[in-house]
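One structure is given below, encoded as structure tokens.
The values are calculated or read from the model by the stated rules, or taken from the named source; none is laboratory data. The shown structure was predicted, so the numbers you read here are calculated from the model rather than taken from an experiment. Every residue, glycine as well, gets a Cβ built from its backbone with ideal geometry; the counts of neighbours run over all protein chains shown.
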Amino acid sequence: MLGSVFRPLQLLRGLASAALDLRFCVVLLAPLGLVLAALAFASAAVAQETPYFVAYSHHLEEPANLEIETYSIYGTQKGAGDFVAPWMELEYGLTAWWTTEFYIDSQHTFGGPDSTVFTGTRFENRFRPLMHEHWINPVLYVEFENTTDADKTLKEVVGADNQFDAAQPNSTANRHHTHELETKLILSSDYKGWNISENFIGEKNLGHQPWEFGYAVGVSRPLRLEGTPRACNFCRENMILGAEMYGGLGTAKAFSLSGTSHYIAPIAAWQLPNGFTFSLSPGLGLGDESHRFLLRWGVSYEIDGFGRKLRSLFP
Amino acid sequence: MRSLLIAALLAFASLAGLDHDRDPDSRGVFQVIAKAPAKWRVLKNPYDSSPDAIAAGEKLFRQHCAECHGDDALGRGRAANLHLAGVQNATSGELAWFLRSGNLAHGMPSWAGIPAQRRWQIIAYIKSFGVKPDPSASNVPASLNGRH
């Protein structure tokens, strides 16, 4: 079934041509440069965050730690070429209850003119209102997005978002800027090594559009719960498996599943003791409105005590 | 472009403005540990004194805890010295509750994202230190010294 929707050769060819584009290089290689710079004066940490690409859990970045991440999504689409949309994230733990994150998004659509574009920036904050762990842990999420219609990162699916929205050529879609406020109520629990997270999403286009709603749910667990006495790379304690499901729920004027798109995606993550985490998630669209196939992958690197070390440079 | 600059400025202003090491006093931590619910207080560490668990706990401690508490666990800034009586005399169950729950308002994150088995291994390692004399006796309230 996947053979009819996932074209690995096209993906590789497209990535090779896109890699020659300066804008693409910035998003893909900037995190590598930042990691190398950081290695000069910082030590690595192993994150305790969950491996989801779309859903969020209540686990925030540890205070003063910086996580540099680069993720990409490949998607098939009807009525236009397939696409790859890489984005870069800088995630910082301001306090134990407040994490802030900054994103730069880009996108490459195979076979079109003006096919590689920057698609915008996002600034996100997550807050834990309760200062201790509970059976269900709420997190409040607020994000300001300054993106164009060409943004295809699919970090969330809301309203009646569907694959046909993404068929517009980049040359026209990238001219239309949108400013959006995205809010989420994140509810998350840990039980016997499992994490179970539910996100309720409300997104408002600040240009007088109605609120759009969506959801994301995720579940994950390490393959081995105990730690082993020795540091190891290829051991089960470093592997996390999970799955997530997400989709739109209509708007404030038409709260409905009609015309909405939904996805289900298994996830695998590999956390190395040296601070790197590799993640992979093939996703399937459910229904005609959804992209039939999405493949997400990413690399992140966590720097321990980045804020403290930065401040020590300016005594 | 303007919003990019504003976002970057906000992020860096936040970075500069917050001082994670502001409060070098560990008393608050010991008082929070002492508030562990009774059902946690009596929990036994399933890995108590196991050499493998202590070794695993040491590895996990270096991965997750050493940045704030130091490789020697003697504490830095507001991160507590884990050799002090306020920690060493706490029960394993109290420490398990504190690791899971954290003390977010005072900088200690919740470590509930780490499986319970690994948190117990970290506790086995911390407990293997034993009590060391406190060089600054004011760090531990008298009421918490030797209370177990």
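Across region B:99-132, the qualifying residues are those that are more than 8 Å from chain A (Cβ to nearest Cβ) and assigned to a loop (DSSP other than H, G, I, E, B), and the one among them that is modelled with the lowest pLDDT is B:Lys132.
Just name the residue that is surrounded by the fewest Cβ atoms within 10 Å (Cβ to Cβ) out of those in region A:112-129 that are among the small types (Gly, Ala, Ser) and without any contact (Cβ under 8 Å) to a residue 60 or more places away in the chain. Let's see the steps before the verdict.
First, pick out the residues of region A:112-129 that are among the small types (Gly, Ala, Ser): A:112, A:115, A:120.
Now narrow it down to the ones that are without any contact (Cβ under 8 Å) to a residue 60 or more places away in the chain: A:112, A:120.
Details: A:Gly112: 14, A:Gly120: 26.
Only one residue fits best here, namely A:Gly112.
Across region A:157-179, the number of residues qualifying as outside any helix (DSSP H, G or I) and in contact (Cβ under 8 Å) with a residue 40 or more places away in the chain comes to 10.
Under the condition of being within 14 Å of another protein chain (Cβ to nearest Cβ) and under 14 Å from the mean Cα position of the chain (by Cα), the residues counted in region A:64-79 number 2.
Can you tell me which residue within region A:185-236, out of those that are acidic (Asp, Glu) and farther than 23 Å from A:Glu133 by Cα, is surrounded by the fewest Cβ atoms within 10 Å (Cβ to Cβ)?
Restricting to residues being acidic (Asp, Glu) and farther than 23 Å from A:Glu133 by Cα, the top hit is A:Glu203.
In this structure, does A:Leu154 turn out to be in contact (Cβ under 8 Å) with a residue 12 or more places away in the chain, crowded, with 19+ Cβ neighbours inside 10 Å and farther than 15 Å from A:Met88 by Cβ? Criteria met by A:Leu154. A:Glu182 satisfies every condition listed in (1) within 11 Å of chain B (Cβ to nearest Cβ); (2) part of a strand (DSSP E or B) except (1).
Only a single item in (1) at the interface with chain B (Cβ under 10 Å from one of its Cβ atoms); (2) surrounded by fewer than 21 Cβ atoms within 10 Å (Cβ to Cβ); (3) over 25 Å from A:Arg311 (Cα atoms); (4) out of contact with any helix residue (DSSP H, G or I) (no Cβ under 7 Å at 6 or more places or on another chain) is not met by A:His132, and it is number (4).
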